[in-house]
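Report on the following structure.
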Amino acid sequence: MPHFSYEYSANLDGRLDHDALCERLFDTAISTGFFEVGAVRVRAVRCEHYRVADGLPENAFLHLMLRIGQGRSEQDRAAIGEAVFNALTAQLNDLLSEPYFALTFEICEIESAYSWKKNAIHPRVRAALAAADTPNGETL
Amino acid sequence: MPHFSYEYSANLDGRLDHDALCERLFDTAISTGFFEVGAVRVRAVRCEHYRVADGLPENAFLHLMLRIGQGRSEQDRAAIGEAVFNALTAQLNDLLSEPYFALTFEICEIESAYSWKKNAIHPRVRAALAAADTPNGETL
Amino acid sequence: MPHFSYEYSANLDGRLDHDALCERLFDTAISTGFFEVGAVRVRAVRCEHYRVADGLPENAFLHLMLRIGQGRSEQDRAAIGEAVFNALTAQLNDLLSEPYFALTFEICEIESAYSWKKNAIHPRVRAALAAADTPNGETL
């Protein structure tokens, strides 16, 4: 955790740079200070079939769900949400400037008692970050 | 919001008209009187790999999740659910008549405090609907 | 219900046998004794675009969500979770042995009051299971 997962209408392919958006969401997550590099996962789910609003072929949507571990304060969750939504609207500004696009974002908590994980990436990334912090450490 | 999102086994492609189902769910949402045209988004998520029940190749599933904003009464949510499920079973009647199909539907609420949105479609659709209501307005 | 649905980074295709994983999750669900054969649905959602941790091209993720009906005790849910996570880590052992893979799993409950279903598979599978239990019944 955290998990960023967005569903989008397939007509955004070619109009939206998914890699850039995934990267921006990743960078934003890190910039909040709440999440470790090795823990952040961002992905897109393409929806080939959809119906958006009045059904014009130009109509498109993107819905982002962020799932985070339980236990952060309401204030922290709101701050994370604001940072993410600002990044999202900035990245999707061109789409939002035309009357055919609807953007939504929500945060859900994952119950700690019903959450399991095994992350083989953490040790590698933590070691690299620690090495980068030493006086003669390499940069990442 | 609302968001209708359904996952389905890929073996339904060719046996299920996704555009017709998406449209029917859209129409049903509007007919309940609880949702604005510009707010409704319906989509399908295709699942290429799956295992359903006893694993016969004909076995198929569709699971619809409806995510709506917080604040409606239990009674209203139940009424929305009944309307949607009736539409769903009517539309999928042929599939349900054979012993290889399992259909499920659930409604979840999106917490208002952790929900953000920017909808560029609303102003256009609201203006069109308002114009259609004037004595000499065009029809939509 | 239950619903097993996992999202995965597309670079796992070719390195992960989805059919074997879906089958193992199915078998595990049955082995817990909490679920009927005709009720279990497992599926995979492929994510073509993603960003995982430090962004190495080898980095991959799998996130499994299990959605079950409301009403089981905390202890039963924990037991189900342990069984499923053990099966998951055993099946994905090769991926977990390299420092590029992150695995997560969560259980969510579906609120009974906002859940609808119609399962055409149940009568067929229940009849077959009952027949198999008779002295001269066929095996499944």
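With a cap of 12 neighbouring Cβ atoms within 10 Å, and only residues DSSP puts in a loop, list the chymotrypsin sites (Phe, Trp or Tyr not before Pro) found in region A:20-69. Walk me through the intermediate numbers first.
Working: sites: A:PHE26, A:PHE34, A:PHE35, A:TYR50, A:PHE61; in loops: A:PHE34, A:PHE35.
Sites meeting the loop and neighbour criteria: none at all.
Counting other C-beta atoms within 10 Å, and keeping those with at most 16, which DSSP coil trypsin sites (Lys or Arg not before Pro) do you find in region B:38-75?
Values: sites: B:ARG41, B:ARG43, B:ARG46, B:ARG51, B:ARG67, B:ARG72; in loops: B:ARG72.
Counting only loop positions with at most 16 other Cβ atoms within 10 Å, the trypsin sites (Lys or Arg not before Pro) in region B:38-75 are B:ARG72.
Cut-off 10 angstrom, C-alpha nodes, Gaussian network model of chain C. Which of C:LEU88, C:LEU16, C:LEU66 fluctuates the most?
Judging by the Gaussian network model, the answer is C:LEU16.
So, with +1 on the Cβ of K and R and -1 on the Cβ of D and E, and no other charges, what is the size of the charge dipole of the protein assembly as shown about its Cα centre, to the nearest 20 debye?
Numbers: 39 positive and 60 negative charges, 63 e Å.
Dipole of the protein assembly as shown, to the nearest 20 debye: 300 debye.
Placing the label point 7 Å from Cα along the Cα-to-Cβ direction, what are the distances from B:ALA90 to the equivalent spots in the other copies, shortest first, in nm to one decimal?
Those separations, rounded to one decimal, come out as 4.8, 4.8 nm.
Restricting the count to DSSP beta bridges whose residues both fall in chain A, what percent are antiparallel, rounded to a multiple of 5? Don't skip to the answer; put the middle values down first.
Values: 6 of 24 bridges.
Just about 25 percent of them are antiparallel.
Considering the dipole of region C:3-133 built from charges on the beta carbon (Lys and Arg +1, Asp and Glu -1) around the Cα centre, which of C:PHE4, C:LEU96, C:CYS47 is farthest to its positive end?
Checked the options; the winner is C:PHE4.
Select the chain C residue whose beta carbon lies nearest to the rotation axis carrying chain C onto chain A, and write the distance in whole Å.
Nearest residue, distance rounded to whole Å: C:VAL45, 3.
For region C:3-133, build the charge dipole from Cβ charges (+1 Lys, Arg; -1 Asp, Glu) around the Cα centre, then report which of C:HIS63, C:ILE110, C:THR32 sits farthest towards its positive end.
Farthest along the dipole direction, towards plus: C:ILE110.
Is there a quick way to get the dipole size of region B:20-139? I mean about its Cα centre, with the Cβ of Lys and Arg at +1 and of Asp and Glu at -1; what is the value in debye to the nearest 20?
Working: 12 positive and 16 negative charges, 122 e Å.
It comes to approximately 580 debye.
Under a point-charge model restricted to the Cβ atoms of Lys and Arg (+1) and Asp and Glu (-1), what is the dipole moment magnitude of region C:71-140 relative to its Cα centre, in debye to the nearest 20? Please report the intermediate quantities before stating the final value.
Values: 6 positive and 10 negative charges, 96 e Å.
So the dipole magnitude of region C:71-140 works out to roughly 460 debye.
Just to be sure I understand: with springs between alpha-carbon atoms less than 10 Å apart, which residue in A:ILE80, A:ILE107, A:ILE121 has the highest mean-square fluctuation in the Gaussian network model of chain A?
A:ILE121
Restricting the calculation to Cα positions, tell me the Rg (one decimal) and the Dmax (whole number) of chain A in Å.
17.4, 60
What is the spread of the Cα atoms of region B:1-79 along each of their three principal axes, largest first, in whole Å?
The Cα atoms of region B:1-79 stretch 41, 24, 16 Å along the principal axes, largest first.
For A:ARG67, what charge total do you get from the other residues with a beta carbon under 13 Å from its beta carbon, if Lys and Arg give +1 and Asp and Glu give -1? Walk me through the numbers before you get to the answer.
On the way: positive: A:ARG41, A:ARG43, A:ARG72, A:ARG77, A:LYS117; negative: A:GLU106, A:GLU109, A:GLU111, B:GLU111, C:GLU7, C:GLU106.
Around A:ARG67, the surrounding residues sum to -1.
How are the Cα pair distances of the protein assembly as shown distributed, in percent, across 20 Å bins from 0?
25, 57, 16, 1
Sequence-distant or interchain residues sharing an amide H contact under 5 Å with C:TYR6, placed H: which?
It is C:ARG43, C:ALA44, C:VAL45, C:MET65, by chain and number.
In whole angstrom, note down how far apart the Cα centers of region B:1-50 and region A:64-135 are.
27 Å
With label points built 7 Å along Cα→Cβ from the Cα atoms of C:ASN93 and B:ALA78, find their separation and express it in nm.
5.1 nm
Report P(r) for region B:58-100: all Cα-Cα distances, bin width 5 Å, range 0 to the bin holding the largest distance, values in whole percent.
Cα pair-distance distribution for region B:58-100, in percent: 5, 18, 24, 19, 14, 10, 7, 3, 0.
Coordinate-derived values only; no laboratory data. Predicted, not measured: the structure shown is a model, and the values here were computed from it. Quick reminder, even Gly has a Cβ in these numbers, built from the backbone with ideal geometry, and neighbours come from all protein chains shown.
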